[in-house]
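Asks: Take this structure, written in structure tokens, and hold onto it; I'll ask about it next.
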Amino acid sequence: MKSPLLSLPGAVPAEGVDEGVAAHYGDLFREQRALAEGAGFVDLSHRGVVSVSGEDRLSWLHLLLTQHVSDLPTGQATEALILSAHGHIEHALYLVDDGATVWAHVEPGTQGALIAYLESMKFFYRVEVADRTDEFAIVHLPAGSIAEVPEGVVVRETPYGRDLFLPRADLESYAEKSGPAVGLLAYEALRVEHHRPRLGFETDHRTIPHELGWIGTAVHLQKGCYRGQETVARVQNLGKPPRRLVFLHLDGSEVHLPPAGADIRLADDGAEGRKIGFVTTSVRHHELGPVALALVKRNVPLDARLLAESTAAAQEVVVEP
């Protein structure tokens, strides 16, 4: 779904899964600084929007999600995962309940599979699941923003800012009042800075929540009764995950950023050494320079010098080994 805000001056379209919104509007670092200072907004209208209504919505979702939502207060934001039977991450949902409906935004293009799964689990519960992507666009206001939120708009308020479920028909008029527009690359740079994982970027087909630090924020350990819970409990109580998320400071003298999927090796072993991990997201940050998130084997020494492709990298712990 192509955003009408791509017609704004300087807009450069994003690519890949984020196609449909602007990567930037002509000045990446200026946009990052604005966002970090609480100014502007980010067009996330390519993300999927799903609603769940009905009397049983919270108790029903509580049985399916990794998060404790049976008593979720109205207006309180949370996030949750759906796991496979083996505990691998399949979906990530960013939720809020408005008192009558649970609203969630999800990764672009994943809403169809998510809704199919939810529909298959309805049974006798009084719930209605709907794809609202055509009707609502996600707009992100950064922490500290004083931008006005239109009356009646559902809001997820988090430490990183507010996510607005804005009627899609109002997107252009809202942008005129709430500028400057900030591109997705700036949003991603701050996400990496804050070590926040993203489905499909920091995850692959075998990722479990412990590897990414999603225990506590998206996985509640004092609840059971959801698919994959046995794996979560076993790793939490009896073992350690095979991999861990790290934050990488990359050699700033390199022009080339190692792309997602780039192999990571121990620098002492050289470019032909054994692969010990891979880059998940790499960005250029307005203050930190080139940085990245990566998944590495749990037993990689914390002081090990690393190579991301040919780029020297130093790791900062996100998930403890």
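The values are calculated or read from the model by the stated rules, or taken from the named source; none is laboratory data. Since the model is a prediction, treat every value here as computed from it, not as a measurement. Glycine gets a Cβ as well: all are built from the backbone with ideal geometry, and neighbour counts include every protein chain shown. The protein model used for the area step is the full one, side chains on, heavy atoms only, and it has no ligands, DNA or RNA in it. Shrake-Rupley method; radii C 1.70, N 1.55, O 1.52, S 1.80 Å.
Asks: Checking Lys177 against (1) under 16 Å from Tyr94 (Cβ atoms); (2) at pLDDT below 95; (3) of a type in the set (Lys, Arg), which test does it fail?
Replies: (1)
Asks: Next question. Could you list all residues from the stretch 193-247 that are among the small types (Gly, Ala, Ser), crowded, with 16+ Cβ neighbours inside 10 Å and within 20 Å of Ala77 (Cβ to Cβ)?
Replies: Gly213, Ala218
Asks: Moving on. Can you confirm whether the stretch 262-275 contains a residue that is under 25 Å from His140 (Cα atoms), open to solvent by less than 20 Å² (accessible area, probe 1.4 Å) and either not in a strand (DSSP E or B) or not polar (S, T, N, Q) (or both)?
Replies: Scanning the stretch 262-275, I find no residue that is under 25 Å from His140 (Cα atoms), open to solvent by less than 20 Å² (accessible area, probe 1.4 Å) and either not in a strand (DSSP E or B) or not polar (S, T, N, Q) (or both), so the answer is no.
Asks: Check the stretch 147-164 and report whether any residue there is small (Gly, Ala, Ser), over 25 Å from Thr281 (Cα atoms) and either out of contact with any strand residue (DSSP E or B) (no Cβ under 6 Å at 6 or more places or on another chain) or open to solvent by 10 Å² or more (accessible area, probe 1.4 Å) (or both).
Replies: Checked against the condition, which is being small (Gly, Ala, Ser), over 25 Å from Thr281 (Cα atoms) and either out of contact with any strand residue (DSSP E or B) (no Cβ under 6 Å at 6 or more places or on another chain) or open to solvent by 10 Å² or more (accessible area, probe 1.4 Å) (or both), the stretch 147-164 yields at least one hit.
Asks: Oh, and also: Can you tell me which condition Glu90 does not meet? The list is (1) open to solvent by less than 60 Å² (accessible area, probe 1.4 Å); (2) without any contact (Cβ under 8 Å) to a residue 60 or more places away in the chain; (3) under 18 Å from Leu114 (Cβ atoms), and all the others hold.
Replies: Of everything listed in (1) open to solvent by less than 60 Å² (accessible area, probe 1.4 Å); (2) without any contact (Cβ under 8 Å) to a residue 60 or more places away in the chain; (3) under 18 Å from Leu114 (Cβ atoms), Glu90 misses just condition (1).
Yes/no per residue for (1) in contact with a helix residue (DSSP H, G or I) (Cβ under 7 Å, 6 or more places away or on another chain); (2) open to solvent by less than 60 Å² (accessible area, probe 1.4 Å); (3) of a type outside the set (Lys, Arg):
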site	(1), (2), (3)
Val106	yes, yes, yes
Leu114	no, yes, yes
Gly144	no, no, yes
Leu171	yes, yes, yes
Ser178	no, yes, yes
Leu184	yes, yes, yes
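Asks: Right, next: Would you point out which residue out of Ser173, Ser178 is hydroxyl-bearing (Ser, Thr, Tyr) and free of Cβ contacts under 8 Å to residues at least 24 places away in the same chain?
Replies: Within the list Ser173, Ser178, the selection yields Ser173.
Listed here are the residues, each with its yes/no results for (1) in a strand (DSSP E or B); (2) free of Cβ contacts under 8 Å to residues at least 60 places away in the same chain; (3) among the acidic types (Asp, Glu).
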{"residue": "Gly252", "(1), (2), (3)": "no, yes, no"}
{"residue": "Phe278", "(1), (2), (3)": "yes, yes, no"}
{"residue": "Leu306", "(1), (2), (3)": "yes, yes, no"}
{"residue": "Ala312", "(1), (2), (3)": "yes, no, no"}
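Asks: Next question. May I ask you to say which residue of Leu257, Leu288 is touching a helix residue (DSSP H, G or I) at 6+ places or on another chain (Cβ under 8 Å), open to solvent by 20 Å² or more (accessible area, probe 1.4 Å), within 24 Å of Leu35 (Cα to Cα) and of a type in the set (A, V, I, L, M)?
Replies: Leu288
Asks: Within the stretch 78-108, track down each residue that is of a type outside the set (S, T, N, Q), more than 22 Å from Glu128 (Cβ to Cβ) and in a loop (DSSP other than H, G, I, E, B).
Replies: Correct list: Ala85, His86, Gly87, His88, Glu107, Pro108.
Asks: Working only within the stretch 1-47, note down all residues that are outside any helix (DSSP H, G or I), basic (Lys, Arg) and either in contact (Cβ under 8 Å) with a residue 24 or more places away in the chain or closer than 15 Å to Gly161 by Cβ (or both).
Replies: Residue satisfying the conditions is Arg47 alone.
Asks: Here's another thing I want to ask about it. Here are some conditions: (1) within 15 Å of His88 (Cβ to Cβ); (2) in a helix (DSSP H, G or I); (3) not basic (Lys, Arg). Asn237 meets all but one. Which one does it not meet?
Replies: Against the list (1) within 15 Å of His88 (Cβ to Cβ); (2) in a helix (DSSP H, G or I); (3) not basic (Lys, Arg), Asn237 comes up short only on (1).
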